[in-house]
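No lab work stands behind these numbers, since they all come straight from the coordinates. Worth saying up front: this structure is predicted, and the values here are computed from it rather than measured. Methodologically, a virtual Cβ is constructed for each residue, glycine included, from the backbone with ideal geometry; neighbour enumeration extends over all protein chains shown.
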Amino acid sequence: MDRENLGIMRRGSRPEYHGRLGLFTDYSPRFRGLDVPDPYYGGDEGFERVLDMAEDAATGLVERLAGKRSG
């Protein structure tokens, strides 16, 4: 969900798969390329923002898998 996690995944995978890895928000039209923050310290607003980001990215991912949107 953030660049730190992405880096861990890249270090743990073979180089030929690095191009297939990315941020969850890369599927989000509203939050494209942003890290999903830890909502714990953001109060209710932090949880709402993370939920908005996750819902938007999940919708984009489903559209991509269904062939309704290109990469």
(request) Determine the principal axes of the Cα atoms in the chain, then give the extent along each, sorted from largest to smallest and rounded to whole angstroms. (result) 40, 31, 13
(message) Through the Karplus equation 6.51 cos²θ - 1.76 cosθ + 1.60, θ set to phi - 60°, convert the phi angles of the range 12-26 into ³J(HN,Hα) values in whole Hz; use x for Gly and Pro.
(response) x, 10, 6, x, 5, 9, 4, x, 8, 9, x, 7, 4, 6, 5
(message) What distance in nm separates the two pseudo spin-label positions at ARG3 and ARG30, each 7 Å out from Cα along the beta-carbon direction?
(response) 2.4
(request) Return the sequence-ordered ³J(HN,Hα) values of the range 49-56 in whole Hz as given by the Karplus equation 6.51 cos²θ - 1.76 cosθ + 1.60 applied to θ = phi - 60°, using x for Gly and Pro. (result) 5, 5, 5, 4, 5, 5, 5, 5
